[in-house]
Amino acid sequence: QVQLVESGGGLVQAGASLRLSCAASGDTFNSYTMGWFRQAPGKELEFVGCITRSGRSTYYADSVKGRFTISRDNAKNTVYLQMNNLKPEDTAVYYCARKFTSSTYYDRREFDYWGQGTQVTVSS
């Protein structure tokens with residue numbers, strides 16, 4: 001019913017920037033809050049941030065505030081994650097997901113559809 005496809009990952013050096021894209025299809029994209037998660041090797045899935053339906057409000061994990069920016073283009077059914085000043089600890093698989101609840105929680109259980117993930121590797 002819903003498909004999310006992430007792209008834009010890669011291998012970069014510390015201090016570099018990347019922009020990830022998440023293209024959505026199959027449903028009313030602009031009716032849902034969209035989130036970004038990441039999972040580093042050997043670690044639990046971590047909430048990165050999310051953007052509300054209109055794109056007017058965003059929320060970020062403390063670890064990425066000031067460096068990452070989420071935006072969306074509802075006309076293109078796409079949400080973006082702009083990552084600046086990347087650090088080695090940002091190395092992870094990054095996932096885009098759709099939030100189907102109206103809660104203020106951002107646990108994985110609040111998101112019903114997920115992309116396949118895109119790898120981001122940051123070298124020292």
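The values are calculated or read from the model by the stated rules, or taken from the named source; none is laboratory data. Bear in mind that the values here come from a model prediction, so they are computed numbers and not experimental data. Quick reminder, even Gly has a Cβ in these numbers, built from the backbone with ideal geometry, and neighbours come from all protein chains shown. The accessibility values were calculated without ligands, DNA or RNA, using every heavy atom of the protein model including side chains. Shrake-Rupley method; radii C 1.70, N 1.55, O 1.52, S 1.80 Å.
Under the combined filter of DSSP loop state and at most 12 neighbouring Cβ atoms within 10 Å, region 12-67 retains these trypsin sites (Lys or Arg not before Pro): Lys43, Arg56, Lys65.
Expressed as a whole percent, the accessible area of the chain that falls on carbon and sulfur atoms is 45 (1.4 Å probe). Computed with the Debye formula from one identical point scatterer per Cα of region 8-124, without solvent, the log10 of I(q)/I(0) at q = 0.11, 0.12, 0.14 Å⁻¹ comes to -0.32, -0.38, -0.52. Full extension of the chain between Thr58 and Tyr105 yields a length gain of 15.6 nm, computed as 0.36 nm times the residue separation minus the alpha carbon distance. Protein-only accessible surface at a 1.4 angstrom probe places the residues Asp112, Asp62, Asp90 in the order Asp62, Asp112, Asp90, largest first.
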